[in-house]
């Protein structure tokens, strides 16, 4: 079992206490509850992203991507196979909203997790085969800027715990993410 350092536990506890004690009451200040776009986050995944404001103070967001390629090896009837997918989810708690003309700033805390899988197989060179399975979870603080109630850009930083299932290694450290979404 991995032991979480004391300062990290203190930061995580402070985030949850702050989010429980604050209420934005107005959500993100508009009647649009859906966010559709792209995101890249070490916590909640990479790829297409969909978020839904299910409560004035909360958003649930999912993110993912799947790619697969089969390339024919020159001069043979054999194919290499390369599969990669990533899927994740997060819950956001709005901490503050600052409307300013056609721009609104939303600060939020989030908890998220994702699973990552990649597999490369080459039947002629098995030493090049590579399998990677990993999951990550953590907490972060973010800032979303919404322009004209329709275009949202976000940036977030926090702490992550990651475990490689194949190599049985654990990593902890900085989490980061960014995204761009159309709000409707």
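Bear in mind these aren't lab numbers, they're just calculated from the coordinates by the rules spelled out. Keep in mind it's a predicted model, so treat the numbers as computed, not measured. So basically every Cβ, Gly included, is an ideal-geometry build from the backbone, and we count neighbours across all protein chains shown.
How big is D for region 6-183, in µm² s⁻¹ as a whole number, if Stokes-Einstein is applied with the Kirkwood radius of its Cα pairs at 20 °C and 1.002 mPa s?
Details: Rh = 17.8 Å.
D, rounded to a whole number, is 120 µm²/s.
If you stretched the chain out fully between residue 34 and residue 129, how much longer would it get, using 0.36 nm times the residue separation minus the C-alpha to C-alpha distance? Walk me through the numbers on the way to the answer.
Working: separation 95, 0.36 × 95 = 34.20 nm, distance 4.05 nm.
Fully extending the segment from residue 34 to residue 129 adds 30.2 nm.
I'd like to compare 141-152, 97-108, 161-172: which one has the highest average count of other Cβ atoms within 10 Å, and what's the full order after that? Before the final figure, lay out the partial values.
On the way: 141-152: 17.2, 97-108: 15.0, 161-172: 13.4.
With the highest mean Cβ count within 10 Å placed first, the list reads 141-152, 97-108, 161-172.
Sorted by packing (mean other beta-carbon atoms within 10 Å per residue), highest first, where do 65-72, 37-44, 118-125 land? Kindly include the intermediate steps, with their values, before the conclusion.
Working: 65-72: 11.2, 37-44: 23.1, 118-125: 13.6.
Descending packing order for the listed peptides: 37-44, 118-125, 65-72.
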